[in-house]
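Enquirer: Please find one structure pasted underneath; my questions will follow.
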Protein chains: 2
Amino acid sequence: MAGSRPTVSRSSAPAGNALIGQSGGPTVVINQSLVGIVQQARRTPTIHRVLGTRHGVAGILANDLVDMTRESDANLEKVALTPAAALGSVRKKPSPDECRQMFDTFQKRDIRYLFYIGGNDSAETANIVLEIARAERYPIRVFHVPKTIDNDLLVTDHCPGYGSAAKFVAQAFMGDNLDNRSLKGVKINVVMGRHAGYLTAASALGRQWEDDGPHLVYVPETEFKRKPFIDDVKRVYAEYGRCVVAVSEGIHDAKGVTWTQKLSSTAERDAHGNVQLSGSGSLGDYLAGMVKQALPGVRVRADTFGYLQRSFAGCYSESDAREARLVGVDAVKYSQHSTSGTVVLSRAPGPRYKCTTSLVALKRVARNTKSMPRRFINKDGNDVTKAFLDYAAPLAGRLHTVGRLRGI
Amino acid sequence: MAGSRPTVSRSSAPAGNALIGQSGGPTVVINQSLVGIVQQARRTPTIHRVLGTRHGVAGILANDLVDMTRESDANLEKVALTPAAALGSVRKKPSPDECRQMFDTFQKRDIRYLFYIGGNDSAETANIVLEIARAERYPIRVFHVPKTIDNDLLVTDHCPGYGSAAKFVAQAFMGDNLDNRSLKGVKINVVMGRHAGYLTAASALGRQWEDDGPHLVYVPETEFKRKPFIDDVKRVYAEYGRCVVAVSEGIHDAKGVTWTQKLSSTAERDAHGNVQLSGSGSLGDYLAGMVKQALPGVRVRADTFGYLQRSFAGCYSESDAREARLVGVDAVKYSQHSTSGTVVLSRAPGPRYKCTTSLVALKRVARNTKSMPRRFINKDGNDVTKAFLDYAAPLAGRLHTVGRLRGI
């Protein structure tokens, strides 16, 4: 595909310094990628010093850089296991003027390699820097290293960061399903994911017994309507005397308006006193209210998992950690033969899970996102399919073992 | 203290069957206690069969019992690692009539020992059963085995279940503090705890660096007022450009009215008269709105940790798991020499953490709860003290290791 492949350099890799940035919502393995880049860059003869920018492009503009050339490996290994962006993150798209300002910093610090770790917005930032650098004839190699708990990047099989968040959500539902089995009632859990349902779908990964929840899973790839939802809950409750529901924060109506948006506009109109309905807990509380009305007297609770999904210390997927390191290491390797690109993961065919990396053009991943394919969602739009579980299980890795009394 | 010691039987322990129940909000180690009772009971010659009641006293009334005499040890060990009540739980206080009905079941099943795992309400239930059994001259030995994430039982140094919930909260704040450090702003997290601030206080256990959050900790032991809260947040934000706040769901005004009650017109109450505080995001959203008004333009977010704190699969404290098993085992041992009581933990003096059990009268633990002592809360009522951290650290056990770039 002309123009969509990474640019391969015939000439040798330039000598100079490398700069690493982190951007967007952090994950629990984003520092694995950082450490992978630092360690591989230090092994690369053309790269002299390894710098980091604090809070992504903001740090470049403020000339707020940190030198990681002599960080001890022991400390780097601790950092790799640390959630959230060790360099600080940012949500910022640089203007052309800001890019030119960044080149001043690059020139002063002799930066010839930029590695930017982030999601689709970060890939776009990298692409903007690349295009303006080319227009201005500023010689820099630019690489995007993928991360996102949403798993919504184009081209790649999956995104580093997703597997660990999926494991958190799966284990949260494993425990919450058991809690609900202990005390009965209806429990609704709101999961992160504005446009893509991958993380909400991961709620089903821990199911073992036929009656295990989540019994219902609603993702933003399908329309969410009140009546079918209430009918679903009533049916499950009638069967098991309980019901656990996974709902994406991005569920929306036929016009694509999210329920959270609907609630914030209603809250503004209905506001009395200081009470605000908009905010993190509102969707769960609203849905719980809906179920309470439909099932009077039934114990109904809602939780919104929130930032724990991307930041909880001590819950990560081994394979996710390994791959997050790998995309960092390989980005540096690619930088010796190519001038730009984004590192993507491809799953090898066969029964045993295995992934390899390749490099594709930045603009193929920049800006846009992907949703879950229809084959991952069941016909009624209230659960995931076996195809999804087969896809996601190796990414989340080994889950906590739970048992059930046999009651002989 | 006359009347407040467990009744010691001069005669030998009766021969018959044992019945185990679980009650109240579950924990991630409540099944350790269950398994401890089952295994020790099977080793005890006077106990013939080991039965469980599904959903506590409700299962006794419905004659819904399960036989655990022949559960394999391998399966029991899996169950021990499983969050939530494997037998099912309940929130129910039996009436005298219901107690008499329960004795019918006991008689039919030759039950001579009752072990009831739960919090202060469950101790009350056990005490009611004991007192009516004595009045009716029904021969049964009744033991309460403590559990609660709130850590609010009287007499005992701490409660099984608390350490693991404390570890969850500590690791949640470790990660969330790093997330907040990455993207800045004000973050408010609402933690479980109706009357006691122990779990909210555990948010501080993971702090390592001087600027680590939570920067502010508010517990129900002190009055919560708008102005000092906003002043605190402004001061921290001015110093660090960010602020992480831990707030108990039970914070209240000078009259003892909780902020959640103020926000909710239709407060739900359970059978023991407790108002539902969990399972709603309203308090967090409300406090976030308050801060947004006071600090315009600042990124403010709120999360309510909810049921994950007591049910998340795969996060437990090793010492908590060990002690939860121990109180179960020792309850059975005590049952051979005493006719009733509740198992409490005492901390041995000395630098190395060590706990032993003893037995005290049911009524000393039943019904009432304890709050955190004032020496665990700082003078300004917005943080915990070193005394608290020294108390709680061995209970939560080893936390996930995090690192920070040295930036040489």
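The values are calculated or read from the model by the stated rules, or taken from the named source; none is laboratory data. On a predicted model such as this, the values are computed, not experimentally measured, just so you know. As a convention, Cβ positions derive from the backbone with ideal geometry for all residues, glycine included, and neighbour counts pool all protein chains shown.
Enquirer: Can you find a residue that is within 14 Å of chain A (Cβ to nearest Cβ) and touching a residue at least 40 places away in the same chain (Cβ under 8 Å) anywhere in region B:364-372? So that I can check it myself, show each step before the final result.
Expert: In the first step, residues of region B:364-372 are kept if they are within 14 Å of chain A (Cβ to nearest Cβ); the result is none.
No: region B:364-372 contains no residue that is within 14 Å of chain A (Cβ to nearest Cβ) and touching a residue at least 40 places away in the same chain (Cβ under 8 Å).
Enquirer: Would you call A:E98 more than 14 Å from chain B (Cβ to nearest Cβ) and not polar (S, T, N, Q)? Lay out the reasoning, then the answer.
Expert: Numbers: more than 14 Å from chain B (Cβ to nearest Cβ): yes; not polar (S, T, N, Q): yes.
In short, yes.
Enquirer: It is to be established whether one or more residues within region B:277-291 are among the charged types (D, E, K, R), at pLDDT 90 or above and under 18 Å from A:F305 (Cα atoms).
Expert: Narrowing region B:277-291 to residues among the charged types (D, E, K, R): B:285.
So of that shortlist, the ones also at pLDDT 90 or above come out as none.
Within region B:277-291, none of the residues are among the charged types (D, E, K, R), at pLDDT 90 or above and under 18 Å from A:F305 (Cα atoms).
Enquirer: Pick from B:L183, B:L178: which is closer than 30 Å to B:F312 by Cβ, at pLDDT below 95 and assigned by TED's automatic domain parsing to the domain that holds B:D232? Show your work before the answer.
Expert: Numbers: B:L178 fails: at pLDDT below 95.
When all the criteria are applied, what remains is B:L183.
Enquirer: Scanning for something in a helix (DSSP H, G or I) and under 16 Å from A:H215 (Cβ atoms), does region A:156-170 turn up at least one residue?
Expert: Taking region A:156-170 and keeping what is in a helix (DSSP H, G or I), we get A:162-170.
Checking the rest, the ones that are also under 16 Å from A:H215 (Cβ atoms) come to A:169-170.
Yes.
Enquirer: Suppose the filter is touching a residue at least 12 places away in the same chain (Cβ under 8 Å), of a type in the set (A, V, I, L, M, F, W, C), buried (at least 17 other Cβ atoms within 10 Å of the Cβ) and touching a Ser or Thr at 6+ places or on another chain (Cβ under 8 Å); does A:A392 pass it? Give the steps one after another, and end with the answer.
Expert: Working: touching a residue at least 12 places away in the same chain (Cβ under 8 Å): yes; of a type in the set (A, V, I, L, M, F, W, C): yes; buried (at least 17 other Cβ atoms within 10 Å of the Cβ): yes; touching a Ser or Thr at 6+ places or on another chain (Cβ under 8 Å): no.
Taking the combined requirement at face value, the residue does not satisfy it.
Enquirer: Is it the case that some residue within region A:366-387 is buried (at least 19 other Cβ atoms within 10 Å of the Cβ), within 14 Å of A:F143 (Cα to Cα) and acidic (D, E)?
Expert: No, region A:366-387 contains no residue that is buried (at least 19 other Cβ atoms within 10 Å of the Cβ), within 14 Å of A:F143 (Cα to Cα) and acidic (D, E).
One line per residue, one yes/no per condition, for (1) of a type outside the set (D, E, K, R); (2) out of contact with any helix residue (DSSP H, G or I) (no Cβ under 9 Å at 6 or more places or on another chain); (3) assigned to a helix (DSSP H, G or I); (4) over 22 Å from A:V28 (Cβ atoms):
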| residue | (1), (2), (3), (4) |
| --- | --- |
| A:K92 | no, no, no, yes |
| A:D97 | no, yes, yes, yes |
| A:F115 | yes, no, no, no |
| A:N127 | yes, no, yes, yes |
| A:T148 | yes, no, no, no |
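Enquirer: Same structure, new question: Within region B:50-80, which residues are touching a residue at least 24 places away in the same chain (Cβ under 8 Å) and out of contact with any Gly (no Cβ under 9 Å at 6 or more places or on another chain)? Break it down into steps so the answer makes sense when it comes.
Expert: Taking region B:50-80 first, the residues touching a residue at least 24 places away in the same chain (Cβ under 8 Å) are B:50-61, B:63, B:65, B:68-69, B:71, B:73, B:76-77, B:79-80.
Residues satisfying the conditions are B:V50, B:L51, B:L61, B:N63, B:T69, B:D73.
Enquirer: The conditions are (1) surrounded by fewer than 24 Cβ atoms within 10 Å (Cβ to Cβ); (2) facing chain A (nearest Cβ under 10 Å), and B:N17 fails exactly one of them. Which is it?
Expert: (2)
Enquirer: Sticking with this one: When the residues of region B:70-88 are filtered to those that are assigned to a helix (DSSP H, G or I) and within 7 Å of another protein chain (Cβ to nearest Cβ), which remaining residue is farthest from the chain's Cα centre (by Cα)?
Expert: B:N75
Enquirer: Can you tell me which residue within region A:54-69, out of those that are touching a helix residue (DSSP H, G or I) at 6+ places or on another chain (Cβ under 8 Å) and within 18 Å of A:D97 (Cβ to Cβ), is nearest to the other protein chains (Cβ to nearest Cβ)?
Expert: In this case the residue turns out to be A:G56.
Enquirer: Look through B:V155, B:V169, B:V129 and report the one residue that is hydrophobic (A, V, I, L, M, F, W, C), touching a strand residue (DSSP E or B) at 6+ places or on another chain (Cβ under 8 Å) and within 14 Å of chain A (Cβ to nearest Cβ).
Expert: Numbers: B:V155 fails: within 14 Å of chain A (Cβ to nearest Cβ); B:V129 fails: within 14 Å of chain A (Cβ to nearest Cβ).
The match here is B:V169.
Enquirer: I've got another one for you. Check whether at least one residue in region B:129-140 is at pLDDT 95 or above, assigned to a helix (DSSP H, G or I) and not aliphatic (A, V, I, L, M), and report yes or no.
Expert: no
Enquirer: Out of the residues in region B:279-307 meeting the condition of being small (G, A, S) and more than 7 Å from every other protein chain (Cβ to nearest Cβ), tell me which one is surrounded by the fewest Cβ atoms within 10 Å (Cβ to Cβ).
Expert: At the first step, the residues of region B:279-307 found to be small (G, A, S) are B:279-282, B:284, B:288-289, B:294, B:297, B:302, B:306.
Subsequent filtering for residues that are more than 7 Å from every other protein chain (Cβ to nearest Cβ) retains B:294, B:297.
Numbers: B:A294: 18, B:G297: 6.
Taking the candidates together, the pick is B:G297.
Enquirer: State which residue is surrounded by the most Cβ atoms within 10 Å (Cβ to Cβ) when the search covers only region B:134-150 and only residues that are in contact with a Lys or Arg (Cβ under 9 Å, 6 or more places away or on another chain) and among the charged types (D, E, K, R).
Expert: Once the filter is applied, the top-ranked residue is B:D150.
Enquirer: Which of (1) away from chain B (no Cβ under 14 Å); (2) in contact (Cβ under 8 Å) with a residue 24 or more places away in the chain does A:S317 not meet, given it meets every other one?
Expert: A:S317 satisfies every listed condition except (1).
Enquirer: Let me ask something else about it. So which residues in region A:308-339 are crowded, with 23+ Cβ neighbours inside 10 Å and among the hydroxyl-bearing types (S, T, Y)?
Expert: A:S311, A:Y316, A:S317, A:S335
Enquirer: Being surrounded by 21 or more Cβ atoms within 10 Å (Cβ to Cβ), more than 14 Å from chain B (Cβ to nearest Cβ) and touching a residue at least 40 places away in the same chain (Cβ under 8 Å) narrows it down to one of A:V245, A:V217, A:V186, so name that one. Give the derivation first.
Expert: Working: A:V245 fails: more than 14 Å from chain B (Cβ to nearest Cβ); A:V186 fails: more than 14 Å from chain B (Cβ to nearest Cβ).
Only one candidate passes the filter, namely A:V217.
Enquirer: Same structure, new question: Of these, A:R235, A:R194, which one is at pLDDT 95 or above and charged (D, E, K, R)?
Expert: Exactly one of A:R235, A:R194 is at pLDDT 95 or above and charged (D, E, K, R), namely A:R235.
Enquirer: How many residues are away from chain A (no Cβ under 12 Å) and in contact with a Pro (Cβ under 9 Å, 6 or more places away or on another chain) if we restrict to region B:189-206?
Expert: The number of residues fulfilling the criteria is 8.
Enquirer: Could you list, in sequence order, all residues of region A:25-48 that are in contact with a Ser or Thr (Cβ under 6 Å, 6 or more places away or on another chain) and at the interface with chain B (Cβ under 9 Å from one of its Cβ atoms)?
Expert: Taking region A:25-48 first, the residues in contact with a Ser or Thr (Cβ under 6 Å, 6 or more places away or on another chain) are A:26, A:28-29, A:31.
Across region A:25-48, the qualifying residues are A:P26, A:V28, A:N31.
Enquirer: I would also like to ask the following. Of all the residues that make up region B:305-348, how many are more than 30 Å from A:A396 (Cβ to Cβ) and either out of contact with any helix residue (DSSP H, G or I) (no Cβ under 9 Å at 6 or more places or on another chain) or among the basic types (K, R) (or both)?
Expert: Here is the first cut: in region B:305-348, the residues more than 30 Å from A:A396 (Cβ to Cβ) are B:323, B:326-348.
Next, only the ones that are either out of contact with any helix residue (DSSP H, G or I) (no Cβ under 9 Å at 6 or more places or on another chain) or among the basic types (K, R) (or both) stay: B:333-334, B:336-338, B:346-348.
Residues in region B:305-348 being more than 30 Å from A:A396 (Cβ to Cβ) and either out of contact with any helix residue (DSSP H, G or I) (no Cβ under 9 Å at 6 or more places or on another chain) or among the basic types (K, R) (or both): 8 in total.
Enquirer: Return yes when B:V402 is within 14 Å of chain A (Cβ to nearest Cβ), touching a helix residue (DSSP H, G or I) at 6+ places or on another chain (Cβ under 7 Å) and over 27 Å from B:H195 (Cβ atoms) and no when it is not. Give the steps one after another, and end with the answer.
Expert: Details: within 14 Å of chain A (Cβ to nearest Cβ): yes; touching a helix residue (DSSP H, G or I) at 6+ places or on another chain (Cβ under 7 Å): yes; over 27 Å from B:H195 (Cβ atoms): yes.
Judged against the criteria, B:V402 is a match.
Enquirer: Based on what the data block shows, is A:V343 modelled with pLDDT of 95 or more and over 18 Å from the mean Cα position of the chain (by Cα)? Before the answer, list the steps.
Expert: On the way: modelled with pLDDT of 95 or more: yes; over 18 Å from the mean Cα position of the chain (by Cα): no.
No.
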